[in-house]
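Student: Please read through the structure below; I'll follow up with questions.
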Amino acid sequence: MPAWVYRFGPDRTDGHAGLTEELGGKGANLAEMSRLGLPVPPGFTISTRVCRHFFANGEALPDGLESDVRDAVAAMGQATGAAFGDPKNPLLLAVRSGAAISMPGMMDTILNLGLNDETVAGLARASGDERFAYDSYRRFIEMYGDVVLGVDHGLFADLLDNFKNLNALASDTELTAAQWRDVIARYQDAIRSEIGRDFPQDTNEQLWGAINAVLRSWRNERADSYRRLHAISEDMGTAVTVQAMVFGNRGETSATGVAFTRNPATGANEIYGEYLPNAQGEDIVAGTRTPLRLTEKARAEMKAKEASLETVMPGAFAELKDIFARLEAHYRDMQDVEFTIQEGKVWMLQTRSGKRSAEAALKIAVDLVEEEIISRDEAVMMVEPQALSHLLHPRIEPGAAKDLIARGLPASPGAATGEIVLTSEEAEVMRAQGRHVILVRVETSAEDINGMSAAVGVLTQRGGLTSHAAVVARSMGLPCISGAGGIRIDLAQGTIRTASRTLKRGDTITIDGTTGEVLAGAVPMKQPELSADFATLIAWADTFRGLKVRANADTPRDTVQAKKLGAEGIGLCRTEHMFFDASRILAMREMICASDEKGRRAALAKILPMQRSDFAELFRIMDGAPVTIRLLDPPLHEFLPRHEAELAPIAEALGITLERLKTRVSELSEFNPMLGFRGCRLAIRYPEITEMQARAIFEAAIEAGKAMGHAVKPEIMIPLVAYRREFDILADVIRATAAKIEAETGQRLTYQIGTMIELPRAALRGRELSEGPGGAEFFSFGTNDLTQTTLGLSRDDAAPILANYAGKGIFERDPFVSIDEGGVGELIRIGIAGGRAGRAGLKIGICGEHGGDATSVAFFHELGLDYVSCSPFRVPIARLAAARAAITARRKGAS
Ligand code: PEP
Ligand code: MG
């Protein structure tokens, strides 16, 4: 039977880094650091199994836990030379939560546990520092009162503020031991009147109260919503780590700090972080005192007056530097650590892999390979594909006119323009309306996660570079400015004020998270140049992947972009999208609204040269790489004219009255256009459309082929097919057109005709579609429609339904974003098997939005597709995701 309790310390360590599920990230890594011989205060971790037992049994603790904890606490006493509850030399404890997946700030922590009216006097004597002892006691009462006894933290803050005002004290550091004693008496009175009993003096009662509270915090509201957002299972449970306290508040040779072993914003190989002399860890987080820089370089860059740790405590700094290098080499990654220096001695309290910006992720991965710490496949596995999208975000055009209204800290790089919102709720509501918003807050907390993910950028008045806003925004790849002290937020008025300006909710601002500038209005943006590290990592990724990556591109502009980002072909050219342009839509509408073949042919004759020149250009840009052109698939409601102003020119071009045209439009109107007269259904009724498109494609192929000096082999794709006969009718039109053009030009054409698989029937009948000499020569899964038709959930009407479903455990992720593996995925699997049974080695791709979603790409790799096709800016994401899928599969195979 596995143990409930895992000890760590100089004499015995039961856990290790591989046990994160059991011990949580914090507990597992404390054990690992102990094993490495690093200075870690001794302690033990209660397994996450206890948490699961706790919730499965009406919040009861398992048998045997109590004695295990008692023994482990006794062992800590031996290791430290103090004893828990001993009035002469009390051992004090820190009790912390820690799940397998980091959930920063979501659950509770209690420090200085073991103090009571007696032991505090013992601590004062043993440490020779009375003030420190009573300061620690009042901190313990505040935390325990809040977390365990449920007394509002604000009550303690108010009592302390009143006391300071009464005694004309400006800061906490000015209070004497006697004054703290006075404050403690007031705290204890307040607790008695709030909860009707005394603050517990029994240290064992304190310990079990804290353990129970930390376990319970796994299911508090903050933690619940964080888990939902990050798709973390509730079954995981939290571990509880109990550790001997070390004190950063023992005078000027003591300090507490947080650090990243490299710069998490840029990835530079330099120590990055903050410390506070004579303080405990929560003082950094609380923001009551401004933390100082660790290195001289950072201090100079920030033009800060206060000395850096490097100069104040050079010995401790050198030791930390050495520890950081050992941690990086051991964990093969950049670390995010917490430490305390007690009277000159360094203690490590936490290490974990550090969150970083996308830019930093690339640089760190590439540098670690160059420093021979990790291998190339490890580097590829280190960068989350989704993070790359951040680097593909626009930045402010150099030289653009800027209306600077405030300045803050450059907390997360990239620029964004949006409307001001002041609460998370507003952000979510406006995002649902398709608006871009910048969330402006005094500071952010766990409650703001949903608002942050709905925003295009975040601006806070308070908070440093390791504040919640900064850390979370970086990990989300969201531009963020923190600590813009020059702005004042007035929630009641719905305004933000600076020295010279007042802006309202809904006003547009631009934030530049790379420089920290807050600008009024929108500013011209520039597409980013991709860094050398980006190119290096993606090139490494390409050596591992099997899946090809193509792009969905409809215009020459998209195609150029796609090629730049590494697309190996075009997987989908939506030919109807070539007509969104105002100068072209008239011809398209004429064609749709024409009531007879003559009218339609006249409109098609106008469209032909436009399509031909676009296709020729796409072929030239792709220079021999495959190009898949899909026959017209216009959901009619997207193209039908609606207003008088749109109707008149069409009536004129068609030579019919306005009334006649209106009748025609109403004839064409559908109740459910997404399942209506679309795709191949349109061309089966009006084959002249396919005739024109095939002609445009073939003539363009000949033209481009001549210009490039090599033949173009277009792939022509028929949309929304359910039956083989639909495919055959249109394939015959295409072949007949090709034969005609060959006869006209004397040129030989090579091409392939394939089909999209967008309807469940098509997926189920894959073999029928591909078999025989006239069958489909390639398949491309249109997972947007296949999702809509499999789930019976209209693409156009899904949003409110999905919003209502969110958090109810129905969908793990939005099925239009990340493929529904069990349903749609199963149809794809069946479609692949059928298609390849009908035609050996059939080329199969996917061109729905899922082609650029990293999780879906991994699934497509498993299914054995040949390629994915996605929007140009997602091409690098798909390349990296495909490589990671291949590496993961290889590792699985090897193990
Ligand atoms: C699809 O349905 O997945 C697809 C790519 O086609 P469209 O989005 O144009 O319907
Ligand atoms: Mg489709």
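The values are calculated or read from the model by the stated rules, or taken from the named source; none is laboratory data. Please read these numbers as outputs of a predicted model, since none were measured by experiment. Here the Cβ is made from the backbone with ideal geometry for all residues, glycine too, and neighbour counts use every protein chain on show. SASA here: full protein model, heavy atoms, side chains in, ligands and nucleic acids out. Shrake-Rupley method; radii C 1.70, N 1.55, O 1.52, S 1.80 Å.
Student: Quick one: residue 129 ticks every box in (1) closer than 26 Å to residue 350 by Cβ; (2) within 35 Å of the chain's Cα centre (by Cα); (3) surrounded by fewer than 23 Cβ atoms within 10 Å (Cβ to Cβ); (4) of a type in the set (Asp, Glu) bar one, so which box is it?
Tutor: Answer for residue 129: the failing condition is (2).
Student: Next up: What number of residues within the stretch 536-592 are touching a strand residue (DSSP E or B) at 6+ places or on another chain (Cβ under 6 Å), among the acidic types (Asp, Glu) and within 16 Å of ligand 1 (Cβ to nearest atom)?
Tutor: Total meeting the criteria: 1.
Student: Only one of these is under 45 Å from the mean Cα position of the chain (by Cα), open to solvent by 10 Å² or more (accessible area, probe 1.4 Å) and more than 16 Å from ligand 1 (Cβ to nearest atom): 711, 700. Name it.
Tutor: Numbers: 700 fails: open to solvent by 10 Å² or more (accessible area, probe 1.4 Å).
Answer to the check: 711.
Student: Could you list, in sequence order, the residues of the stretch 711-759 that are in contact (Cβ under 8 Å) with a residue 40 or more places away in the chain, assigned to a loop (DSSP other than H, G, I, E, B) and within 16 Å of ligand 2 (Cβ to nearest atom)?
Tutor: Correct list: 719, 720, 721, 722, 758.
Student: Can you pull out every residue in the stretch 521-542 that is of a type in the set (Gly, Ala, Ser) and farther than 21 Å from residue 398 by Cβ? Give the derivation first.
Tutor: At the first step, the residues of the stretch 521-542 found to be of a type in the set (Gly, Ala, Ser) are 521-522, 531-532, 535, 539, 541.
Of everything in the stretch 521-542, those that are of a type in the set (Gly, Ala, Ser) and farther than 21 Å from residue 398 by Cβ turn out to be 535, 539, 541.
Student: Only one residue in 184, 232, 211 is closer than 30 Å to residue 4 by Cβ, open to solvent by less than 30 Å² (accessible area, probe 1.4 Å) and part of a helix (DSSP H, G or I). Which one? Spell out the reasoning first.
Tutor: On the way: 184 fails: closer than 30 Å to residue 4 by Cβ; 232 fails: part of a helix (DSSP H, G or I).
Unique residue meeting the criteria: 211.
Student: Kindly provide the set of residues from the stretch 388-420 that are in a loop (DSSP other than H, G, I, E, B) and either among the polar types (S, T, N, Q) or open to solvent by less than 40 Å² (accessible area, probe 1.4 Å) (or both), ordered by number.
Tutor: Just the residues of the stretch 388-420 that are in a loop (DSSP other than H, G, I, E, B), to begin with: 392-394, 397-403, 408, 413-414.
Passing the criteria: 392, 400, 408, 413, 414.
One line per residue, one yes/no per condition, for (1) under 30 Å from residue 865 (Cβ atoms); (2) open to solvent by less than 20 Å² (accessible area, probe 1.4 Å); (3) among the hydrophobic types (A, V, I, L, M, F, W, C); (4) in contact (Cβ under 8 Å) with a residue 24 or more places away in the chain:
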| residue | (1), (2), (3), (4) |
| --- | --- |
| 487 | no, yes, yes, yes |
| 510 | no, yes, no, yes |
| 530 | yes, no, yes, yes |
| 563 | yes, no, no, yes |
| 570 | yes, yes, yes, yes |
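Student: Please work out if residue 750 is within 29 Å of residue 864 (Cβ to Cβ), within 13 Å of ligand 1 (Cβ to nearest atom), modelled with pLDDT of 95 or more and β-branched (Val, Ile, Thr). Steps first, please.
Tutor: Working: within 29 Å of residue 864 (Cβ to Cβ): yes; within 13 Å of ligand 1 (Cβ to nearest atom): no; modelled with pLDDT of 95 or more: yes; β-branched (Val, Ile, Thr): yes.
When the stated conditions are applied, residue 750 does not pass them.
Student: While we're on this one: Is it true that residue 832 is within 13 Å of ligand 1 (Cβ to nearest atom) and either touching a strand residue (DSSP E or B) at 6+ places or on another chain (Cβ under 7 Å) or of a type in the set (Lys, Arg) (or both)? Walk me through it before giving the result.
Tutor: Working: within 13 Å of ligand 1 (Cβ to nearest atom): no; either touching a strand residue (DSSP E or B) at 6+ places or on another chain (Cβ under 7 Å) or of a type in the set (Lys, Arg) (or both): yes.
It is false that residue 832 is within 13 Å of ligand 1 (Cβ to nearest atom) and either touching a strand residue (DSSP E or B) at 6+ places or on another chain (Cβ under 7 Å) or of a type in the set (Lys, Arg) (or both).
Student: Within 14 Å of ligand 2 (Cβ to nearest atom), open to solvent by less than 20 Å² (accessible area, probe 1.4 Å) and closer than 18 Å to residue 679 by Cβ - does that describe any residue in the stretch 787-807?
Tutor: Kept after step one, since they are within 14 Å of ligand 2 (Cβ to nearest atom), are these residues of the stretch 787-807: 787-790, 794-796.
Narrowing the set further to residues that are open to solvent by less than 20 Å² (accessible area, probe 1.4 Å) leaves 787-788.
Filter once more, keeping what is closer than 18 Å to residue 679 by Cβ: 787-788.
The answer is yes; a qualifying residue exists.
Student: Taking the condition of being more than 28 Å from residue 872 (Cα to Cα), within 24 Å of the chain's Cα centre (by Cα) and of a type in the set (S, T, N, Q), how many residues in the stretch 474-528 meet it?
Tutor: 1
Student: Looking at (1) surrounded by fewer than 21 Cβ atoms within 10 Å (Cβ to Cβ); (2) touching a strand residue (DSSP E or B) at 6+ places or on another chain (Cβ under 9 Å); (3) farther than 24 Å from residue 449 by Cα, can you tell me which one residue 423 breaks?
Tutor: (3)
Student: Moving on. Look at the stretch 766-779 and say how many of its residues are in a loop (DSSP other than H, G, I, E, B) and farther than 25 Å from residue 552 by Cβ. Even if it seems obvious, please write down each step before you answer.
Tutor: Applying the first criterion (in a loop (DSSP other than H, G, I, E, B)) to the stretch 766-779 yields 771-777.
If we keep only those that are farther than 25 Å from residue 552 by Cβ too, we end up with 771-774.
Qualifying residue count for the region: 4.
Student: Pairs under 7 Å by beta carbon, first residue without any contact (Cβ under 8 Å) to a residue 60 or more places away in the chain in the stretch 774-788, partner more than 10 Å from ligand 2 (Cβ to nearest atom) and of a type outside the set (Val, Ile, Thr), six or more apart or different chains?
Tutor: Short answer, once both residue conditions are applied: 774/728; 774/731.
Student: Next up: Show the residue pairs meeting these rules: Cβ distance below 6 Å; 6+ apart or different chains; first residue within the stretch 121-150 and over 25 Å from residue 211 (Cβ atoms) and among the aromatic types (Phe, Trp, Tyr); second residue assigned to a helix (DSSP H, G or I) and open to solvent by 30 Å² or more (accessible area, probe 1.4 Å).
Tutor: 134/181
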